[in-house]
Protein chains: 2
Amino acid sequence: MAIMSIEITMLDDYAPVVVSSQMLNRQDGKDEYHVRAAAMGEGVDPRQAEAFEERVLQPQTHWASDRRMILGYRCTNSKMTIAVGADHEIQTDCAYSDLVHADEDTGKKVYRVDAEPGKPIKITKVVSYHSSRGVPVRELVDRCRRTLDRVREQGVDAQFHDQRTWLDAYWERSDVVVEGQPALQQAIRWNLFQIAQAAARAEQSGVPAKGVTGSGYSGHYFWDTEIYVLPFLIYTSPRMARSALRFRYNMLEAARRRAADLAQSGALFPWRTISGEEASAYYAAGTAQYHIDADVAFALCKYVNATDDGDFMQREGVDILVETARMWADLGFWRDGGSGDGQRTFHIHGVTGPDEYTTVVNDNLFTNVMARFNLEQAARVVRGLAQDAPQAYERMVRRLRLDPTEPDEWAAAAEATKIPYDQATGINPQDSHFLDREMWDLKNTPADKRPLLLHFHPLVIYRFQVLKQADVVLALFLQGDHFSLEQKRSDFEYYDPITTGDSTLSGVVQSIIAAEVGYRELALRYFHSSLYVDLADLHGNASDGVHVASTAGVWAALVYGFGGMRDYNGVITFDPRLPASWPRLQFKITLRDTRLRVEVTATAIMFTVEEGDEAVVSVRGDQVRVLAGEPVSVALAGQGPEITGIPTLQAGERRPDGTLITASVPQPAVRR
Amino acid sequence: MAIMSIEITMLDDYAPVVVSSQMLNRQDGKDEYHVRAAAMGEGVDPRQAEAFEERVLQPQTHWASDRRMILGYRCTNSKMTIAVGADHEIQTDCAYSDLVHADEDTGKKVYRVDAEPGKPIKITKVVSYHSSRGVPVRELVDRCRRTLDRVREQGVDAQFHDQRTWLDAYWERSDVVVEGQPALQQAIRWNLFQIAQAAARAEQSGVPAKGVTGSGYSGHYFWDTEIYVLPFLIYTSPRMARSALRFRYNMLEAARRRAADLAQSGALFPWRTISGEEASAYYAAGTAQYHIDADVAFALCKYVNATDDGDFMQREGVDILVETARMWADLGFWRDGGSGDGQRTFHIHGVTGPDEYTTVVNDNLFTNVMARFNLEQAARVVRGLAQDAPQAYERMVRRLRLDPTEPDEWAAAAEATKIPYDQATGINPQDSHFLDREMWDLKNTPADKRPLLLHFHPLVIYRFQVLKQADVVLALFLQGDHFSLEQKRSDFEYYDPITTGDSTLSGVVQSIIAAEVGYRELALRYFHSSLYVDLADLHGNASDGVHVASTAGVWAALVYGFGGMRDYNGVITFDPRLPASWPRLQFKITLRDTRLRVEVTATAIMFTVEEGDEAVVSVRGDQVRVLAGEPVSVALAGQGPEITGIPTLQAGERRPDGTLITASVPQPAVRR
């Protein structure tokens, strides 16, 4: 629902005033704001929506009365339905006439007012949208009528009041305060507000990559929800998090069909979707991102750990865990170690990690560590269910036709999952052949050749060690308990100079790991670049819509990055990295119905229970129990390691085969 | 031009007869013969033509008179033009009336005849087509008129006589005779006739993959011309070969632009084209087949070696060689050997070889040996030109802005090109990581799951050692002087059991190498499967058009395979492999204007000059000089090695890393 009003007062003269308030089906008309390429694939900006050859919305009904207009449509291909209705009201002492009109693509209310000086003209427009996967348009039209009738009865002010209440509660649970930095503070709140807008209706419609702010990515959902948005929701608005997870659960049947299409057992969630069906056209950077399965499982476990919502896990969550674990167990395969000692390793080939500048590879580190987590958790939850809730377990076994040996198979695969590591460079290669590639010299790549995806053919980019976005570095964050601080630093130093950040999903993750390993200045720089992605239009495409994942990533950079929070296996730990220029950082997290306020200063971290009874966390290894009414302060000796400067390209090192790593920029020779 | 006639005679009664002769723009109308999927990519048969969203042919003119009708069109996107005209003539003593009509998509001539018993009605239709890349339609209409006028003046019989003469000469140069096998003989001639149809107009329009026989592959050209069709034309109709090469030369400017699009120097020929521009939509199996450049260079060198056409090489050929060598020198890169001894190797990454079931790999063996050839030949020809034709050399240097050090760079790269070889299995891996893959168990793959590309998602296929078509094995044929007979046998035995032959380009090549290494029965089996590809519709898509490359491959299997001919570096050698069931194989080859008849029997090979003065060849190491009027017979001790049975899957071997190779068929688990 949306409510708009406009007020016009003539100051010093009489004049005819015409106000034409419209509902316009812009998608199918010629959109005056954008002209788009019709094709997909090479040479086209894949971040924009595709133009459509045919009408997207098929008009089903249009109707108008004196005060109300309604339009209804059905989508050509998906058969989803939508209706939109609007009521208008005018308040004025001036004389006026009005006119109403509706046709297939337009609803129009026109007021012609003989405006007099000093007499205000106020027009209020109340708009109601209802959409559905298949409910007939006439039913949606009725829903619009009921919504509009209710507003008419209760009045507009009641609506504003309700919204105010809702938002007050949202800020109470979610606000992050950086003391002494008003400009930064304003930008942080702008980002957090975007998530409220995007996630408020997560149950019905999930959280698409652009929320409902623009046509970019055609309204589709990616892993953004699970990996970027859900951590924020889990710790500030757990009910919204549950809604978003239920939205995924409702896609499980489609994911089972998709797995079968890919000759796999279990379920494979679509890389890109709006209705549950895979909608990515280029599978090397789409369907090949099998890690989406583990991303969903990851968010699910994080949610249940933070909320203790065992009910959701038993009824819905476990189905997701089992079906995704089955997919991994089937996609991966066993190989004897080659040493003849009976050791076997579990491999996953032919997948694409988060970094879309390298596609369809073997043993992508991110995929493997996330799949390992997925397999482990599925085994753990199923075994736990068998022990603690035998009836729920039996129902699940029947529902999913579970073979009792499956959890053992998952656990064994998790245990033996191949994690690429290279002795020569001392780093975790992004995949088993990543170091074979030539290295892209980003520092010497002209600014007018960035982002790379718009200036180089994919086949060129694919030949190089160059990243669109954090891949290993994201694994260091999400599965950080499996890597030592030294390893994180080595990996970060290797990947940072070849990471373009051409994806807005990259900066927040680079910021978090930069903070952890000690690149303090770089952590802040990445944070600023993420904070202003849309506000300063840093990627030149804010007009396609807000980068919702990046707005939620800003929260992650604040809480995980500078706040130093981690939540491996549901244990909440803190090891802060407060920037020297910030006197104080304050945020809230909700753990099992207890809301905790956390404040970090240069010398201490303080915990206060704002709602609920108690919470248990740990600070740099020491457990801290916080009770209602008894705030706790823990002294901090510094803010972790400090490294000056930024990592530079590590050309000059040698590959496992002994060959020298050199860097270059691909360009044709100029012949004179 | 086409001439058709129909003759009708009533036998025993009077009757009204209506003959409606039409020209119909079927592409844009609803084609009553085919219903096609509109999409591309996964789930769609990529071998068919795509359906188009909009009109392909924009009507420009239509016109009809009593005896003649003409339609003219311009293509919507390419702006290519086409006109078609037809004259009709009726010969009968019966009374008749006629009617003529033309509109945008139809030309129609209708005869209504009061047919009388015993009085023949003969209708003759002469059709002329003219097409062009850009000449206005009205000019093409004039050309149609001139063609039809000429036929009208000279009469239809003269046209048939000309065609007869042309075809007699074609068969005189091209026929292959297998004695005592009439059914085989008929099928062979059917295949050879298809090449005549497809290649007769090579100069204007090249040789598309389907000739002009159907809509498959949308009329596009691939490497089929250079690697499959040109060897036949070079040795039987060298002028047609030159025309086809000139057609490629005319695409050079577009290929330069395409190389620049890919950030490469030199020229990159399109993998799939109709006008010179790259038309492949899925670059992993399209543009990534950089080997197209070497394929063009290969055919060019073969042509010049066989014809001594130095003029063509100096004026046009050398430009192709230089620009393609530049592409390779720039695409590939140097790497120090890792041993610290200063040894360097030249690598080519991120390419796809002929086998489209494995894409975007490093150091594809086929690509590397063909690129090596390309680089070598470019250096050789440029250096030869500098020495033997200084003026032509100077013109070329100015034309191509050649740096005098370039040939040295090419020669060095050729010398150091990486050729994958694996010590453990003793084979040449298809690419540097091919053996890392799991192995597909083809033998246990149900027949209803073949061809794989129609039943498995590409991401599934990509994870396996499984081939759409000969890749290493094709290299063993085209660059066979770089591999020992033992190596060929090892490689063939490894790849044959995992080669599906889902491409019709595969069988003829497998046949040739099977024959060479001694799998005699298998060689014949592959030959038969290629011979009847279209005649028996073995791939289920003959309705999309003739597999022209396969028809020319049939010739290659006869001459190179069973005839045992090779032509490395322009030296013609013979080492026959005559099947035991064939009493005699006879074929012709034209070498530098001398046409040689070659006859192979179980005990001898005979050479006879049919036209020209002399030819020099060699038989199993001994040089043979053949003069006009002096046939030579060389005794043969057997037909090479003989191995019984067929190669079986080599699972159970170990990879370089020591891991065991096992085979499987991907399929989801069935849960009961």
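The values are calculated or read from the model by the stated rules, or taken from the named source; none is laboratory data. Since the model is a prediction, treat every value here as computed from it, not as a measurement. Note: ideal-geometry Cβ built from the backbone for every residue, glycine included; neighbour counts use all protein chains shown. Calculation scope for accessible area: heavy atoms of the full protein, side chains included, ligands and nucleic acids excluded. Shrake-Rupley method; radii C 1.70, N 1.55, O 1.52, S 1.80 Å.
What the table below lists for this structure:
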| item | result |
| --- | --- |
| Residue count, the stretch B:273-288 (criterion: open to solvent by 10 Å² or more (accessible area, probe 1.4 Å), polar (S, T, N, Q) and either touching a Leu at 6+ places or on another chain (Cβ under 7 Å) or free of Cβ contacts under 8 Å to residues at least 12 places away in the same chain (or both)) | 1 |
| When residues of the stretch A:283-322 are limited to those that are within 14 Å of chain B (Cβ to nearest Cβ) and hydrophobic (A, V, I, L, M, F, W, C), the one nearest to A:GLU356 (Cα to Cα) | A:ALA285 |
| Some residue of the stretch B:613-621 being of a type in the set (D, E, K, R), assigned to a strand (DSSP E or B) and exposed (fewer than 14 other Cβ atoms within 10 Å of the Cβ) | no |
| Residues of the stretch A:377-403 classified as open to solvent by less than 100 Å² (accessible area, probe 1.4 Å) and outside any helix (DSSP H, G or I), total | 3 |
| Residues of the stretch B:412-438 satisfying the condition of being in a helix (DSSP H, G or I) and surrounded by fewer than 18 Cβ atoms within 10 Å (Cβ to Cβ) | B:ALA412, B:GLU415, B:ALA416 |
| Residue that is farthest from the chain's Cα centre (by Cα), among those in the stretch A:362-376 that are of a type in the set (A, V, I, L, M, F, W, C) and open to solvent by less than 10 Å² (accessible area, probe 1.4 Å) | A:LEU375 |
| Lone qualifier among B:LEU660, B:LEU636 - being touching a strand residue (DSSP E or B) at 6+ places or on another chain (Cβ under 9 Å), closer than 30 Å to B:GLY564 by Cα and of a type outside the set (Phe, Trp, Tyr) | B:LEU636 |
| Hits in the stretch B:528-574 - residues which are open to solvent by less than 10 Å² (accessible area, probe 1.4 Å) and of a type in the set (Gly, Ala, Ser) | B:SER530, B:GLY545, B:ALA549, B:SER550, B:ALA552, B:GLY553, B:ALA557, B:GLY561, B:GLY563, B:GLY564 |
| Qualifying residue in the stretch A:401-416 (condition: touching a Ser or Thr at 6+ places or on another chain (Cβ under 9 Å) and either more than 14 Å from chain B (Cβ to nearest Cβ) or under 27 Å from A:THR352 (Cβ atoms) (or both)) | yes |
| Hits in the stretch A:453-468 (condition: farther than 13 Å from A:PRO666 by Cα and either in a loop (DSSP other than H, G, I, E, B) or open to solvent by less than 20 Å² (accessible area, probe 1.4 Å) (or both)) | A:LEU467, A:LYS468 |
| Check on B:MET4, within 30 Å of B:ASP114 (Cβ to Cβ), modelled with pLDDT of 60 or more and open to solvent by less than 50 Å² (accessible area, probe 1.4 Å) | no |
| Those helices (runs of 4 or more DSSP H) lying entirely in the stretch B:116-205 with at least 2 residues open to solvent by less than 60 Å² (accessible area, probe 1.4 Å), under 25 Å from B:VAL84 (Cα atoms) and of a type in the set (Gly, Ala, Ser) | B:182-199, B:202-205 |
| Test for A:ALA604: is it touching a residue at least 24 places away in the same chain (Cβ under 8 Å), over 33 Å from the mean Cα position of the chain (by Cα) and more than 14 Å from chain B (Cβ to nearest Cβ) | no |
| Leading residue by the ranking (nearest to A:ALA475 (Cα to Cα)) among those in the stretch A:263-311 that are assigned to a loop (DSSP other than H, G, I, E, B) and of a type in the set (Ser, Thr, Tyr) | A:TYR290 |
| Subset of the stretch B:323-352 (residues that are away from chain A (no Cβ under 11 Å), more than 26 Å from the chain's Cα centre (by Cα) and surrounded by 21 or more Cβ atoms within 10 Å (Cβ to Cβ)) | B:PHE346 |
| Single residue of the stretch A:245-272 satisfying the filter (out of contact with any helix residue (DSSP H, G or I) (no Cβ under 8 Å at 6 or more places or on another chain) and open to solvent by less than 40 Å² (accessible area, probe 1.4 Å)) that is farthest from the other protein chains (Cβ to nearest Cβ) | A:MET251 |
| Whichever residue in the stretch A:654-668 is more than 21 Å from A:ILE461 (Cα to Cα) and open to solvent by 30 Å² or more (accessible area, probe 1.4 Å) and, among such residues, is farthest from the other protein chains (Cβ to nearest Cβ) | A:PRO656 |
| Selection count where residues are out of contact with any Pro (no Cβ under 8 Å at 6 or more places or on another chain) and more than 11 Å from every other protein chain (Cβ to nearest Cβ), scope the stretch A:273-282 | 2 |
| Output for the stretch A:353-369, where each listed residue is away from every other protein chain (no Cβ under 13 Å) and charged (D, E, K, R) | A:ASP355, A:GLU356 |
| Every residue from the stretch B:429-450 that is charged (D, E, K, R) and within 12 Å of chain A (Cβ to nearest Cβ) | B:ASP431, B:ASP436, B:ARG437, B:GLU438, B:LYS449 |
| Some residue of the stretch A:327-348 being closer than 30 Å to A:SER237 by Cα and in contact with a helix residue (DSSP H, G or I) (Cβ under 8 Å, 6 or more places away or on another chain) | no |
| Test: residue in the stretch B:304-315 that is closer than 30 Å to B:ALA615 by Cα, open to solvent by less than 10 Å² (accessible area, probe 1.4 Å) and in contact (Cβ under 8 Å) with a residue 12 or more places away in the chain | yes |
| Meets criteria (modelled with pLDDT of 95 or more, farther than 30 Å from B:LEU522 by Cα and more than 14 Å from chain A (Cβ to nearest Cβ)) for B:GLY621 | no |
| Filter result (part of a loop (DSSP other than H, G, I, E, B) and either β-branched (Val, Ile, Thr) or in contact with a Lys or Arg (Cβ under 8 Å, 6 or more places away or on another chain) (or both)) within the stretch B:209-262 | B:VAL212, B:THR213, B:HIS220, B:PHE222, B:SER237 |
| Every pair of residues 6+ apart whose Cβ atoms lie under 6 Å, when the first sits in the stretch A:451-478 and is more than 12 Å from chain B (Cβ to nearest Cβ) while the second is of a type in the set (Lys, Arg) | A:LEU476/A:LYS488 |
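For (1) modelled with pLDDT of 95 or more; (2) within 17 Å of A:ARG625 (Cβ to Cβ); (3) surrounded by fewer than 20 Cβ atoms within 10 Å (Cβ to Cβ), each residue gets a yes or a no:
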position: A:PRO583; (1), (2), (3): yes, no, yes
position: A:GLN586; (1), (2), (3): yes, no, yes
position: A:LEU591; (1), (2), (3): yes, yes, no
position: A:VAL598; (1), (2), (3): yes, yes, no
position: A:THR603; (1), (2), (3): yes, no, yes
position: A:MET606; (1), (2), (3): yes, yes, yes
